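Taken together, the values in this text are just the output of simple stated rules run on the coordinates, not laboratory data. Predicted, not measured: the structure shown is a model, and the values here were computed from it. When we count neighbours, we look across all protein chains shown, and the Cβ atoms used for this are built from the backbone with ideal geometry, even at glycine.
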Amino acid sequence: MISNQSAGVNSTTDSVMPETAAVDTQTVVETNKESMTASMPSKASVSTKTTEPMDHVEEDRTGKPGGLAIGLPSDAFSEPSLSTSNPVTSCSSLLNAAPSTAMETTEAATEVEQLNQNNKRVISLTAQWNGKKLPFEVDLDYTIGELKNKLMELTNVEPKRQKLMLVRGKLPEDHVVLSSLSLKDNQTFLMMGTPEAKVIKAPETMPDVLNDLDEDYTPDDEAFASMAANQKNLKAAIAKCDINIMHTLRPGKKLLVLDLDYTLIDCKALNNPMIEVMRPGLHEFLSVCYEHYDIVIWSQTSWRALEAKVTTIGLLTHPEYKISFVMDISTMFSVMSQRDGKPFKHQVKALDIIWTKFPQYSAKNTIHIDDLSRNFAMNPKSGLKIGAFKNGAVSRHVDRELYHLAKYLIDLSKNTNFKEIDHKVWKNHRKLSR
């Protein structure tokens, strides 16, 4: 940075004026004044280096008072020397200026433009939400809370329901200013959240995790799915459900629907080190499957709990795979089945909800992985039950379920009709017919 040189320069007129102690007549004084005036240049040709008062602050290159010409010599913006005494420089005078002066002016203008760009306070961002790209501008002086309000105007998603993948790791608190986040102009980020009007309210008494509350059973008969009451509940769930696409569904891919708790993670160990939370081979499993399947996470937990889990374990930001969308307990509904010959009421994950929203998927190309087979009651032939992953601190040393499952799913993807496959014997498979 070039410092202000005027502070250390003595007055020019003081150095030019000679001492004339021996001569004191008025005539001699006037003669000396006339001689000195003739030797001094006109106002138009005086260099900008002329000494100014100490408290004078030059206008900066952006035209705002109070700044310094950073990175340039003090005469970078001096007017060309003119023969006229007119202090206003005309356009024709600038055009006729020396080539070197014109070049310096161009270089200076370029540096000014670059400086202004670096000091830009408004940037463009694009929110990727529900399969849409929403471009908008935001002032870097905004807080995260104000950014969320801006997004609510665009999406009708209330700030409390917004999940923003704006920075690495956890998003800071709402009072944090955007300028502190090192955001880039034209940056795209992922947003999750459902508009309030389309949110399906889960029962207030519903526990966060249901896996340990009821005994499991195997729904062998599809007759339960066709029961009038169950079909009525299914239609209501389809009508109310709104699925937010996070990553575009790819043509020609099969569909892999995965449970979260006790299937991919030990949900009771979330406060433990991450290596004890994730099932061994989790990210490798998803990376391999992504080559053949679009991946969906369907968790029997509340939306808030689901958001926290998938974010904490890095399922939404991994570079080797993408999660197409996630579904929570609000998209499930209760059905009547039978267990040991007695009526049994429980919740299900009905794949028909997905198939209705996205007709390219059906029982022919969809596989549902869960540690609870009762979740397959509406689509029993599309479900594959795996062992639950619990007590991760100990079981992670011997659990290889996802490695075996990955091999099975790769072979399964080669089939054109999954309905012909009996998934109950998946561990015993060697190679499926093409």
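Need one word for the range 237-317: rounded, prolate or oblate. Basis is the Cα gyration tensor (sqrt eigenvalues a ≥ b ≥ c); a/c below 1.5 gives rounded, then a/b vs b/c decides.
Cα axes put the range 237-317 in the oblate bin.
Restricting attention to the range 153-184, which trypsin sites (Lys or Arg not before Pro) occupy a DSSP loop and are surrounded by at most 11 other Cβ atoms within 10 Å?
Details: sites: Lys160, Arg161, Lys163, Arg168, Lys170, Lys184; in loops: Arg168, Lys170, Lys184.
Those that pass, being in a loop and sparsely packed, are Arg168, Lys170, Lys184.
Starting from the range 260-347, pick out the GluC sites (Glu not before Pro) whose DSSP state is loop and whose Cβ has at most 15 other Cβ atoms within 10 Å.
Glu291, Glu320
At 37 °C and 0.692 mPa s, grab the translational diffusion coefficient of the range 342-411 from Stokes-Einstein with a Kirkwood Rh over Cα pairs, rounded to a whole number in µm² per second.
233
How much length is gained on full extension from Lys240 to Lys427, taking 0.36 nm per residue of separation minus their Cα-Cα distance?
Extra length from Lys240 to Lys427 when fully extended: 63.6 nm.
Using a/c under 1.5 as the rounded threshold, could you call the range 200-428 rounded, prolate or oblate? The axes a ≥ b ≥ c are square roots of the C-alpha gyration tensor eigenvalues, and prolate needs a/b larger than b/c, oblate otherwise.
Numbers: a/c = 1.32, a/b = 1.18, b/c = 1.12.
Rounded, because the longest to shortest axis ratio a/c is under 1.5.
Taking R0 as 30 Å, what FRET efficiency do you get between Val398 and Ala363 from their Cβ-Cβ distance, rounded to the nearest 0.05?
My answer for the efficiency is 0.35.
Under a point-charge model restricted to the Cβ atoms of Lys and Arg (+1) and Asp and Glu (-1), what is the dipole moment magnitude of the range 200-428 relative to its Cα centre, in debye to the nearest 20?
Dipole about the Cα centre, nearest 20: 520 debye.
Shape of the range 122-192 from its Cα gyration tensor (a ≥ b ≥ c, root eigenvalues): rounded if a/c is under 1.5, otherwise prolate when a/b > b/c, or oblate?
rounded
Among the trypsin sites (Lys or Arg not before Pro) within the range 331-409, which fall in a DSSP loop and have no more than 11 other Cβ atoms within 10 Å of their own Cβ?
Those that pass, being in a loop and sparsely packed, are Arg400.
Taking the simple approach of a point 7 Å from Cα along Cα-to-Cβ for both Met274 and Val167, what is their distance in nm?
1.7
With contacts defined as alpha carbon pairs under 8 Å and 6 or more residues apart, what's the relative contact order of the range 200-428 in percent? Show your work: numbers first, answer last.
Values: 358 pairs, mean separation 64.4, N = 229.
Relative contact order for the range 200-428 comes out at 28 percent.
Between Leu190 and Met336, what is the label-to-label distance in nm when each label sits 7 Å out along the Cα-to-Cβ direction?
If labels sit at Leu190 and Met336, their model points lie 4.1 nm apart.
What is the spin-label model distance, in nm, from Glu137 to Glu153 if the labels are put 7 Å beyond Cα along the C-beta direction?
Going by the 7 Å Cα→Cβ label model, 1.2 nm.
Looking at the P(r) of the range 273-376, how many percent of alpha-carbon pairs lie beyond 24 Å?
On the way: 1715 of 5356 pairs.
Every Cα pair in the range 273-376 considered, those over 24 Å come to 32 percent.
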